[in-house]
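What follows is one structure encoded as structure tokens, with my remarks underneath.
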Amino acid sequence: FEVGEVITVRPRADAFDIELHIKPEYRKLLTPNSVFWAEGGAKVQLNGSGLTVQASPLSRALRGAISFDNLSGAGGNMRKGDKRILFPSETAARAVGGQITLHTFDAGKLAEGMPIRYLGIDIGQVQKLTLITARNEVQATAVLYPEYVQTFARAGSRFSVVTPQISAAGVEHLDTILQPYINVEPGRGNARREFELQEATITDSRYLDGLSIVVEVPEAGSLGIGTPVLFRGIEVGTVTSLTLGNLSDRVMVGLRISQRYQHLVRNNSVFWLASGYSLDFGLTGGVVKTGTFNQFIRGGIAFATPPCTPPPPKAQAGKHFLLLESEPKEWREWGTALPR
């Protein structure tokens with residue numbers, strides 16, 4: 001809606017001074033929190049949902065325009081008569097105070113304009129990629145929209161690139177073929193503006209608020225980010241990380257158990273590799289036991305709890321377990337009751 005017009009444009013050595021006239025009846029719309037941005041003719045966005053074109057009215061497309069809005073907290077110490085910044089786009093204007101920096105050693109999957117998402121909702125975007133030759137790294141300058149800054153610009157937040165994953169188990173994240181994105185998991189620490197960009201992520205919302213535990217194994221083998229965690233054949237969790245131990249003598253496998261099933265993990269629970277098949281040979285012959293085809297392809301980690309009186313306490317976040325290479329022979333006979 002037109003509320004004023006540009007009166008003069010005066011060039012300076014490093015910028016332009018633009019003088020605006022706001023009609024008297026609309027001047028009450030101006031506040032210290034007002035932010036301004038330049039309008040173009042049309043916006044084109046290509047993503048997994050198709051091609052989106054947002055066109056401006058013909059007069060605006062031909063002449064250009066300046067828009068403004070009031071954003072809570074944008075004014076800071078702004079006083080009457082102070083000059084305002086004209087941002088190049090609405091996204092840049094709405095990101096006032098929401099800038100963060102992501103550090104990575106490989107920008108091959110990054111691009112300016114790449115969205116940042118949480119549970120499928122856009123909460124920000126990448127603005128600029130800068131090569132830092134002194135540290136052999138790339139800095140991605142990104143912005144979080146104002147309403148999301150307090151939630152996600154915190155220590156413990158995890159940013160990672162989501163791209164299509166093709167393997168024998170199938171294709172994951174097919175929607176990112178046209179437009180990869182950065183997924184974020186919110187942290188709970190103090191305010192923070194710099195983060196390391198992670199390689200892989202868990203986007204399944206079932207596990208975002210789950211129980212995080214660790215199993216230790218001599219080598220990672222076929223385990224990877226997204227490997228399922230099974231309880232009696234039902235997927236109740238997933239592998240979230242693979243790191244070397246402090247002494248580099250074992251691999252620490254981070255697991256996250258769905259909040260719905262976290263009561264199943266007890267202090268004496270036993271974890272083992274579930275490959276999808278097992279072979280037992282004796283004097284009278286052999287027995288082959290198989291799981292599902294998906295389990296055979298992807299593998300997995302299974303667990304159960306041996307009987308104990310009274311019932312063992314529930315495991316707390318961060319607890320460590322040993323990961324056995326094969327299942328305990330008697331685990332199917334345990335049948336331990338595990339109340340919530």
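Looking at segment 222-340, the strands (runs of 3 or more DSSP E) lying wholly inside it that each contain 2 or more residues that are on the phi < 0 side of the Ramachandran plot and at pLDDT 80 or above sit at 228-231, 234-244, 251-257, 270-273, 301-304, 320-324.
Conditions tested, residue by residue: (1) in a loop (DSSP other than H, G, I, E, B); (2) modelled with pLDDT of 85 or more; (3) among the aliphatic types (A, V, I, L, M).
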residue: Ile7; (1), (2), (3): no, yes, yes
residue: Arg10; (1), (2), (3): no, yes, no
residue: Tyr26; (1), (2), (3): no, yes, no
residue: Leu46; (1), (2), (3): no, no, yes
residue: Thr52; (1), (2), (3): no, no, no
residue: Ala74; (1), (2), (3): yes, no, yes
residue: Asn77; (1), (2), (3): yes, no, no
residue: Lys80; (1), (2), (3): yes, no, no
residue: Arg84; (1), (2), (3): yes, no, no
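The residue that is nearest to Tyr181 (Cα to Cα), counting only those in segment 137-155 that are modelled with pLDDT of 90 or more and not in a strand (DSSP E or B), is Phe152.
Quick check, is Thr243 in the same structural domain as Phe321 (by TED's automatic domain parsing), polar (S, T, N, Q) and surrounded by 18 or more Cβ atoms within 10 Å (Cβ to Cβ)?
Numbers: in the same structural domain as Phe321 (by TED's automatic domain parsing): yes; polar (S, T, N, Q): yes; surrounded by 18 or more Cβ atoms within 10 Å (Cβ to Cβ): no.
Spelling it out, it is not the case that Thr243 is in the same structural domain as Phe321 (by TED's automatic domain parsing), polar (S, T, N, Q) and surrounded by 18 or more Cβ atoms within 10 Å (Cβ to Cβ).
The values are calculated or read from the model by the stated rules, or taken from the named source; none is laboratory data. Computed from a predicted model, the values in this text were never measured in an experiment. Because the Cβ atoms are built from the backbone with ideal geometry, glycine has one as well, and the counts that use them run over all protein chains shown.
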